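J.: Quick one: the structure is below, and I'll ask about it shortly.
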């Protein structure tokens, strides 16, 4: 059985396939060309969802009968809906319900798979939101991630850049701001399926560089986001984006850490490291990856094969792809070059 990886990038979606014999090939076709694809997700029908920064939500269709190679459709074409999408979350209790976070800060929901969208104004109405700024002039403050409590669909969290995170207990209608000891630049949130009071967060280290927080890039909360404790402070890097939990063992976490983006311009670059925890974030170890072969790059996308969780994939922001066959113990570079499709933002693995 072969593997198909779909990767979102700042120029569209690309597919990388393997035929079961370690023969890898990059599909030359770019899907949704010209759009920055910020996140990929799956709906209840197994359709791939792509969030674009500028043209809302698209669904991959398969009218050819040849697997995941069909065209794409915009379900709400000609009707109001989200525009600059930064994150996509499918409700695990109802896969026709999809939440998206946007730029500028906004929250939309659909209950029919994307044909009709409703703006939920409560997040935007938080008193702190008008004062939020973003350091990149071409990008406005936005919702970076949305995570739903795996035991209670009424409870959800939204990472704000750069404005901490919000919590809702009524499915996104009303919100309160959570700031208790966490960095303000929240990137990614992960919740263990059987322990929803625990939340892991990857952040941009904004507060660390300003001397405002005790932590660096990674944090954990054991009281549903009210207070936070730093993780992995023994590493000097203070910037993280991807944070992935093993599908069968929630104590196993993978992330990448780096110097903050201002330091990327230095000769040493991001000085990125892949690190993993196997005890729920108490201890972290560097997983040796062959990044030294390609120079200073940041591993910005990590994904685990759901059918074979020992297979972990990571792609750098310049398009170099690596795989571990032993749960992150050792790594090898795959013979595909994604550099021509721009910076990679997200990946999903399927079995063909």
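J.: Would you kindly state how much longer the chain becomes between residue 249 and residue 326 on full extension, computed as 0.36 nm times their sequence separation minus their alpha carbon distance, in nm to one decimal?
T.: Gain on extension, residue 249 to residue 326, equals 26.3 nm.
J.: Points 7 angstrom from Cα along the Cβ direction at residue 27 and residue 94: gap in nanometres?
T.: 3.2 nm
J.: May I pose another question? Modelling each spin label as a point 7 Å along the Cα-to-Cβ direction, I'd like the residue 214/residue 139 distance in nm, to one decimal.
T.: That separation, rounded to one decimal, is 2.9 nm.
J.: Just want to confirm a number: the relative contact order over the chain, from Cα pairs under 8 angstrom separated by 6+ residues, in percent.
T.: 12 percent
J.: Still on this structure, I have one more. From the list (i) 27, 26, 19; (ii) 33, 21, 19; (iii) 36, 26, 16, can you say which value of semi-axes √(5λ) of the Cα gyration tensor in Å was derived from the structure given?
T.: Recomputing semi-axes √(5λ) of the Cα gyration tensor in Å here picks out (i).
J.: Right, something else. Of 107, 119, 243, how do they rank once you tally other Cβ atoms within 10 Å and put the fewest first?
T.: 119, 243, 107
J.: Measuring from centroid to centroid over Cα atoms, what is the spacing of the stretch 130-207 and the stretch 1-19 in Å?
T.: Cα centroid to Cα centroid, the span is 28 Å.
J.: GNM, the chain, Cα, under 10 Å: largest mean-square fluctuation among 217, 15, 301?
T.: Ranking 217, 15, 301 by mean-square fluctuation puts 15 first.
J.: Moving on to the next point. Given only helices, namely DSSP H runs of n ≥ 4 each adding -39500 (n - 2.57), what is the per-residue ellipticity at 222 nm of the chain, to the nearest 500 deg cm²/dmol?
T.: Rounded to the nearest 500, the figure is 0 deg cm²/dmol.
J.: Under the rule a/c < 1.5 gives rounded, and otherwise a/b versus b/c splits prolate from oblate, where does the stretch 99-193 land using the Cα gyration tensor?
T.: Oblate shape, in that a/c is at least 1.5 and b/c is the bigger or equal ratio.
J.: Turning to a different aspect of this structure: Which value does Rg/Rh take for the stretch 187-235 over its C-alpha atoms, Rh per Kirkwood?
T.: Using Cα coordinates only, the ratio equals 0.99.
J.: In a Gaussian network model over the chain where Cα atoms closer than 10 Å are linked, find which of 327, 71, 225 has the largest mean-square fluctuation.
T.: Per the Cα network of the chain with a 10 Å cutoff, 71 tops the list.
J.: Let me ask you something else. Hey, what did the stretch 89-190 get for relative contact order, percent, Cα under 8 Å, at least 6 apart?
T.: Result for the stretch 89-190 is 22 percent.
J.: Can you sort 315, 87 from fewest to most other Cβ atoms within 10 Å of each residue's own Cβ?
T.: Ranked by crowding around the Cβ, least crowded first: 87, 315.
J.: While we're here: How far is it, in nm, from the label point at residue 283 to the one at residue 307 when both lie 7 Å from their Cα along the line to the Cβ?
T.: It is 3.5 nm.
J.: Quick one: 93, 235, 254, fewest Cβ neighbours within 10 Å first, how do they rank?
T.: Fewest to most other Cβ atoms nearby, the residues stand as 93, 235, 254.
J.: Same structure again: Evaluate E = 1/(1 + (r/R0)^6) for residue 77 and residue 351, where r is the Cβ-Cβ distance and R0 equals 25 Å; express this FRET efficiency to the nearest 0.05. Walk me through the intermediate numbers first.
T.: Working: r = 31 Å, r/R0 = 1.24.
Computed FRET efficiency for residue 77 and residue 351: 0.20.
J.: How big is the gap, in Å, between the Cα center of the stretch 95-123 and the Cα center of the stretch 325-352?
T.: Their Cα centres are 30 Å away from one another.
J.: Relative to the present Cα-Cα distance, how much length would full extension add between residue 154 and residue 10 at 0.36 nm per residue of separation? Present the calculation step by step, with values, prior to reporting the outcome.
T.: Details: separation 144, 0.36 × 144 = 51.84 nm, distance 3.27 nm.
Once the chain is fully extended between residue 154 and residue 10, it gains 48.6 nm.
Every number here is computed from the coordinates shown, using simple stated rules; none is lab data. This structure is a prediction, so every number in the text was calculated from the model and none was measured. Here Cβ is always computed from backbone atoms with ideal geometry, including for glycine, and neighbour counts include all displayed protein chains.
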